[in-house]
Amino acid sequence: MGEKNSVLIVDDEFRIGLLIKKLIHWTELNMECLDVLDSGETAVKIIQEKKPDIVITDIRMPIMDGLQFVEKVRTLLPETRILLLT
């Protein structure tokens, strides 16, 4: 089946991030959720460490919004796929 795709979920509403994690059938999709985080700043640090294949993030977040966050991810890991939620 191959190597699992790793996914990081970033949403300032932590409960929404947990709901997203719960709703996805990770095994069926050959994916694993690395973590659910509630801030872009924290996520940038984790991305550098864990290098996820996919990032699911909210477009509206305080301090560092989703678009600023995407710019940082693109700089650090240009191959990472990003899914923006609104």
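The values are calculated or read from the model by the stated rules, or taken from the named source; none is laboratory data. Remember, predicted model here, so these are calculated numbers, not experimental data. A quick note on method: Cβ atoms are made from the backbone with ideal geometry, for glycine too, and the neighbour counts reach across all protein chains shown. The protein model used for the area step is the full one, side chains on, heavy atoms only, and it has no ligands, DNA or RNA in it. Shrake-Rupley method; radii C 1.70, N 1.55, O 1.52, S 1.80 Å.
Some points to look at:
- Using a probe of 1.4 angstrom and keeping all protein chains present, the accessible surface of the chain works out to 65 square angstrom per residue.
- The orientation-averaged projection of the convex hull spanning the C-alpha atoms of the chain amounts to 5.1 square nanometres.
- Solvent-accessible surface ranking, highest first, for I63, I82, I9 at 1.4 angstrom: I63, I82, I9
- Those residues of the range 28-46 whose amide nitrogen sits under 11 Å from the label point placed on Q68, 7 Å along Cα→Cβ: 40-41
- Placing a pseudo-label 7 Å from each Cα along the Cα-to-Cβ vector at W26 and F14 gives an inter-label distance of 1.8 nm.
- Accessible carbon and sulfur surface of the chain relative to its total accessible area, %, 1.4 Å: 54 percent
- Contact order relative to length of the chain, as percent, for alpha carbon pairs under 8 angstrom and 6 or more apart: 32 percent
- In the range 18-86, the trypsin sites (Lys or Arg not before Pro) that fall in loop regions by DSSP, at most 16 other Cβ within 10 Å: R60
- The label-point distance for N5 and K51, in a model that sets each label 7 Å from Cα toward Cβ, rounds to 1.8 nm.
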